[in-house]
């Protein structure tokens, strides 16, 4: 498997674009906002099999319901998305989500039901559909086989970096590519978050196999990310497969399926890590791996509790090797484990240091611990010594900047 450039337009037959249309009214005339793309489109040259996962929040944005309906038959041609407004819990939200699909169809010569639709931004405000109507012909006109970068920027909100990847793998003697763009920075919690991920592939695969793979991978990647404990109303992960790689269609969970699964997993895990590392105001990515667990479910629950703990996150911000907060978070996770068996260590590119053994603190070099915890990625390794299962979850530190960003998010 090889990582390549190109994002969602790396697979054969996919075009994308992103343009500025002024969705967020408060950005009008504000320096630095004019010209930032806020309307994205991805279109395949031919019909795709499709699958998607959605937020588990009981409050779901209208675009999710519209997309659910459009993908009910397992086929799709494209995705249209805006940033600057979530189109959730707002007047005319369902009508405006449908309108976006209609506008996309008019601009491309396709049908409204050919599109999945997504929105991200402020909840509760009426979508500026007039701005989207003005911008739709432009975004359709700029669709390009090199347009992934513009589309990736168009779905960003408080993200500080674009999130984009593509990998290629040989399946049945044919090169198959999987590409993705994603957004996510705040309101991120397991069961997805305020994240959008759009995945494209030229693999020939049935919608049933595509759905099985996605629904197995999302819980092990995106659902293991937490930034702030808030599960969003808008998160969605959509994958489109147009078959243009011309591999023998994957209809069963055979060796070809396994190869595709691994490629899709790598794409999703990379995007999940990128979202965690770009948490609002974050200064470092926090990875927690729990090993020696009685079950994968227990390992995941424990790991999520650690990366989701505000006290652990604050300690990581301060590069403080306060391992007691790790055990504390594990203790309220409701997962079974024996504290007296637990080992905890911290590691980064600066090395690794054991801070707790058999549930008890050990002497360690505080200066070395400080160096280890001051890096861009810190790993918290927990060994339960009770079984053979494991899980990894991702989060970030809690900084002053997070409060600043979310204190005036609507402005």
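Please work out if residue 346 is in contact with a strand residue (DSSP E or B) (Cβ under 8 Å, 6 or more places away or on another chain) and part of a loop (DSSP other than H, G, I, E, B).
No; evaluated as a whole, the condition is false for this residue.
Kindly indicate whether any position in segment 352-374 is under 30 Å from residue 167 (Cβ atoms) and modelled with pLDDT of 95 or more.
Yes.
Please find, among 342, 326, the residue that is crowded, with 24+ Cβ neighbours inside 10 Å and under 19 Å from residue 225 (Cβ atoms).
326
Residues that are in a strand (DSSP E or B) and modelled with pLDDT under 95: does segment 204-224 have at least one?
Checked segment 204-224: no residue is in a strand (DSSP E or B) and modelled with pLDDT under 95.
In segment 353-376, what residues are touching a residue at least 24 places away in the same chain (Cβ under 8 Å), in a strand (DSSP E or B) and surrounded by fewer than 16 Cβ atoms within 10 Å (Cβ to Cβ)?
Scanning segment 353-376 gives a single hit, 361.
Is there a residue in segment 271-282 that is more than 18 Å from the chain's Cα centre (by Cα) and surrounded by fewer than 24 Cβ atoms within 10 Å (Cβ to Cβ)?
Checked against the condition, which is being more than 18 Å from the chain's Cα centre (by Cα) and surrounded by fewer than 24 Cβ atoms within 10 Å (Cβ to Cβ), segment 271-282 yields no hits at all.
Hey, residue 72 hits all of (1) free of Cβ contacts under 8 Å to residues at least 24 places away in the same chain; (2) farther than 27 Å from residue 264 by Cα but one; which does it fall short on?
Among (1) free of Cβ contacts under 8 Å to residues at least 24 places away in the same chain; (2) farther than 27 Å from residue 264 by Cα, the lone unmet condition for residue 72 is (2).
Tell me, yes or no, whether segment 30-40 has at least one residue that is modelled with pLDDT of 95 or more, surrounded by fewer than 24 Cβ atoms within 10 Å (Cβ to Cβ) and farther than 21 Å from residue 143 by Cβ.
No, there is no match, as no residue in segment 30-40 is modelled with pLDDT of 95 or more, surrounded by fewer than 24 Cβ atoms within 10 Å (Cβ to Cβ) and farther than 21 Å from residue 143 by Cβ.
Select from segment 254-312 the residues that are at pLDDT 95 or above and not in a helix (DSSP H, G or I) and list them in ascending order.
254, 287, 288, 289, 290, 291, 292, 293, 294, 295 - these are the residues of segment 254-312 that are at pLDDT 95 or above and not in a helix (DSSP H, G or I).
If you take the residues in segment 146-164 that are part of a loop (DSSP other than H, G, I, E, B) and in contact with a helix residue (DSSP H, G or I) (Cβ under 8 Å, 6 or more places away or on another chain), which one is surrounded by the most Cβ atoms within 10 Å (Cβ to Cβ)?
So the residue we want is 147.
Here's the yes/no breakdown for (1) surrounded by fewer than 18 Cβ atoms within 10 Å (Cβ to Cβ); (2) part of a strand (DSSP E or B):
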| position | (1), (2) |
| --- | --- |
| 45 | yes, yes |
| 51 | no, yes |
| 58 | yes, no |
| 68 | yes, no |
| 91 | yes, no |
| 97 | no, no |
| 103 | no, no |
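Return the residues of segment 1-29 that are at pLDDT below 95 and not in a loop (DSSP other than H, G, I, E, B); say none if nothing qualifies.
25, 26, 27
Pairs please, first residue from segment 196-216 and more than 22 Å from residue 148 (Cα to Cα), second anywhere and assigned to a strand (DSSP E or B) and modelled with pLDDT under 95, Cβ atoms under 6 Å, 6+ apart in sequence or on different chains.
Between residues of segment 196-216 that are more than 22 Å from residue 148 (Cα to Cα) and residues that are assigned to a strand (DSSP E or B) and modelled with pLDDT under 95, there is no close pair.
All but one of (1) modelled with pLDDT of 95 or more; (2) out of contact with any helix residue (DSSP H, G or I) (no Cβ under 7 Å at 6 or more places or on another chain); (3) part of a loop (DSSP other than H, G, I, E, B) hold for residue 127, so report the exception by its number.
Exception for residue 127: condition (2).
The values are calculated or read from the model by the stated rules, or taken from the named source; none is laboratory data. Quantities reported herein were computed from a predicted structural model and do not represent experimental measurements. FYI the Cβ positions are ideal-geometry reconstructions off the backbone, even for glycines, and counts take in every protein chain you see.
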